[in-house]
Amino acid sequence: MKIIKKTLFYLILTAAALSFIYPFIWMIMASLSPEQDIGKLILFPTEFTFDNYVSMVSKIPIGRALINSLFVSTINTGFTLVFSSMVGYALSRMRFKGRNVIFFIIIFTMSLPFQITLIPNYIIMVKLHWVDTYLSLIVPFMINAFAILMFRQSFQGLPQALIDAARIDGCGELRIVFTILWPNIKPTIITVGILAFMASWNEVIWPLIVIREENLMTLPQMVTLFVVGGRAEAQLGVKLASAVFLATPVIVAYLFFQKHFIQSMASTGIKD
Amino acid sequence: MKRTKKHFLPYMMVSPYLFHLIVFTAFPVVFSLVLTFHKWNIISPMEWTGFGNWQHIFSDRLFWISILNTLKFLIVHIPLQIIIALALAEVLNQKIRMRGFFRAAFFMPLVVSGVVVTILWQQLFAYDTGVINRLLISIGLGKVGWLIDPDVAMISIALMATWKNVGLYVILFLVGLQTVPKQYYEAADLEGASHWQKFTRITVPMINPTIFMVVVLSTLGGFSLFIEPYIMTGGGPLNSTLSSVLYIYKQAFEYYHMGYSATLGVFFAFLIILVVVLQKKFIEKED
């Protein structure tokens, strides 16, 4: 009886797991199939072909979009780590007038829906002549409230002696943050780094608004416009190939750094 | 000299945030409010219209359709999300074989872009060539117009969004479940409580804060729905998947009604805050 129950339990669990993995496998297989085979229930294509990928590369500058996305996301992640830890340090370890006010403003702005600032932010980009430049994809994402709070919390947990010793040695505050404290909060840096990178990498509504020049488009934006616009010419295989191309870097990173990814996701819940 | 330098240092350290706050949050919010009283297509000068934009919201049928669509999405999405996430978290919280594999599987859709998930499901949902309909036919059932039936399309998108996001809520519930003291279950075991009783009497009340958080996060997600209908349906069929953000986007970037679009944004933001406050009141009352 117990064995039957256990087998049933694992059968259901495996079915659940398959329903999460199978669509991805199907997508990869379909992108490698000839057009007429897509949609059949078989798992392996009757013949493998890279036609869909060849056709995708000839239709859109997707390599350029990949480089744009890597460039923008890496820069955004770097700036977010540096600026947010500076602010987080000041808020947790320095005394100055207005510190609590700034802290409450951060909490308040976090609960402000983005729908309210979307249109005016676009207009700011127009007025600054930043539309169709990398600046519009970078400057608004160089720092964020959540990252500041994460750093503030981590710095609060470090012993004051660490900072005092560095100050006696004549260390400046910036050097304290980046050379003395950073090595002690590696998990936070990894968590904030993954979240900032993913947020930038997956952002799509903002690039759709501020970038029209094909050479500056990010990868998800280009794939979206490719699929929605007429250029995929209703060829399912090519659409799926572009989706696989967009998914692969993140899935590979996820499979290698699973633990860190899951930790970062868990930390998004510690908002209040 | 040294004193003043030291005095200014903290402000210099927080200046990146202050710059960002002023340029990309404070000014836009104020500017948004100004825009709500104007008609503007960005190119010609702004035109004062008083409360015209605000009045227009109430007679704008499409906007209210988009709100109803969003509510339809949430009514399917939130309960489904909580039930599935809680069930999977319960399972992963026990000693099971190959836990790492199952965990990796459930979280896979979470890390990929919504664009990927939407393109993938557009094919799975396709009427004639879609895998789901072919599967239904092979077991003797009829086809479903997942994305072409106006009554079904929004529900299909809600199902897809649940599939994509459920991993995040599994993680949050797992964190929540680990905060429940083991002694409670041991005491219940002594009293001879069943699995179900332990779950409803101990687990659910103890993780109420997590449930609230999941409700709020999936509500915010639902209110931000954009790329899924943008790619899958363009808001159709018959505007049945037109989300509010998609409508705001169309007003601004297809019709260049910047003033009206900003008004919708402000109104919608207040609506979101109101809903979250009500949820907080409602769920905390249940305690």
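The values are calculated or read from the model by the stated rules, or taken from the named source; none is laboratory data. Everything numeric here is computed off the predicted structure, so don't read it as measured data. Quick reminder, even Gly has a Cβ in these numbers, built from the backbone with ideal geometry, and neighbours come from all protein chains shown. We work out accessible area using only protein heavy atoms, side chains counted, and drop any ligands, DNA or RNA first. Shrake-Rupley method; radii C 1.70, N 1.55, O 1.52, S 1.80 Å.
Annotations for the structure displayed:
- Taking max minus min of the alpha-carbon positions on each principal axis, segment B:1-132 gives extents of 64, 58, 26 Å, largest first.
- Using alpha carbons only, the radius of gyration of segment A:1-49 set against its Kirkwood radius gives Rg/Rh = 1.24.
- Buried accessible surface for the B/A pair, both sides summed and rounded to the nearest 100, is 7300 Å² with a 1.4 Å probe.
- Value of [θ]222 nm, deg cm²/dmol, for the protein assembly as shown, DSSP H segments ≥ 4, -39500 (n - 2.57) each, nearest 500: -22000 deg cm²/dmol
- Within the shell defined by Cβ-Cβ distances under 12 Å, the residues around A:THR46 carry a net charge of -1, with Lys and Arg each +1 and Asp and Glu each -1.
- The modelled label-to-label distance between B:ILE137 and A:ILE4, using points 7 Å beyond Cα along the C-beta direction, is 3.8 nm.
- Ellipsoid equivalent to segment A:148-218 - semi-axes via the Cα gyration tensor, in Å: 37, 14, 9
- Segment B:220-284 - Debye-derived log10 I(q)/I(0), Cα point model, q = 0.18, 0.23, 0.28, 0.29 Å⁻¹: -0.72, -0.97, -1.15, -1.17
- Fully extended contour minus Cα-Cα distance, from B:ARG61 to B:GLU254, at 0.36 nm per residue: 67.7 nm
- Across chain B the C-alpha pair distances fall into 10 Å bins from zero in the proportions 6, 20, 25, 23, 16, 8, 2, 0, 0 percent.
- Local electrostatic count at B:GLN251 - Lys and Arg +1, Asp and Glu -1, tallied over other residues with Cβ under 15 Å: +1
- Accessible surface computed residue by residue for chain A, with neighbouring protein chains in place and a 1.4 Å probe, gives 47 Å² per residue.
- In terms of its Cα atoms, the protein assembly as shown spans 84, 73, 49 Å along the principal axes, sorted from long to short.
- Counting only protein heavy atoms and using a 1.4 Å probe, the accessible area of A:THR14 comes to about 60 Å².
- Signed unit charges on C-beta, dipole axis of the protein assembly as shown, positive-most listed residue B:THR233, A:GLY229, A:ILE148: A:ILE148
- For segment A:177-192, 3J(HN,Hα) per residue [Karplus equation, 6.51 cos²θ - 1.76 cosθ + 1.60, θ = phi - 60°, Hz, x = Gly/Pro]: 4, 8, 9, 9, 7, 3, x, 8, 10, 3, x, 5, 4, 5, 4, 4
- Convex hull per residue volume in Å³, alpha carbons only, for segment B:163-263: 132
- For B:HIS38, distant residues with modelled amide H under 5 Å away: B:THR49
- Here is what passes the span test in chain B: the DSSP H helices with alpha carbon length of 24 Å or more along the helix axis and a Kyte-Doolittle mean of -1.0 or above are B:2-21, B:61-92, B:153-177, B:258-285.
- Sum of side-chain charges, A:VAL223 neighbourhood, beta-carbon under 12 Å (Lys, Arg +1; Asp, Glu -1): +3
- The angle between the Cα long axis of helix A:118-127 and the longest principal axis of the Cα atoms of chain A comes to about 80 degrees, rounded to the nearest 10.
- Among the listed pairs A:LYS259/B:LYS95; A:LYS6/B:LYS95; B:LYS164/B:LYS281; B:LYS39/B:LYS250; A:LYS97/A:LYS186; A:LYS186/A:LYS259, those beyond 24 Å (Cα-Cα): B:LYS164/B:LYS281; A:LYS97/A:LYS186
- Isotropically averaged projected area of chain A, using the convex hull of Cα atoms (one quarter of hull area), nm²: 21.1
- Computed from label points 7 Å out along Cα-Cβ, the spacing between A:GLN36 and A:LEU162 is 6.6 nm.
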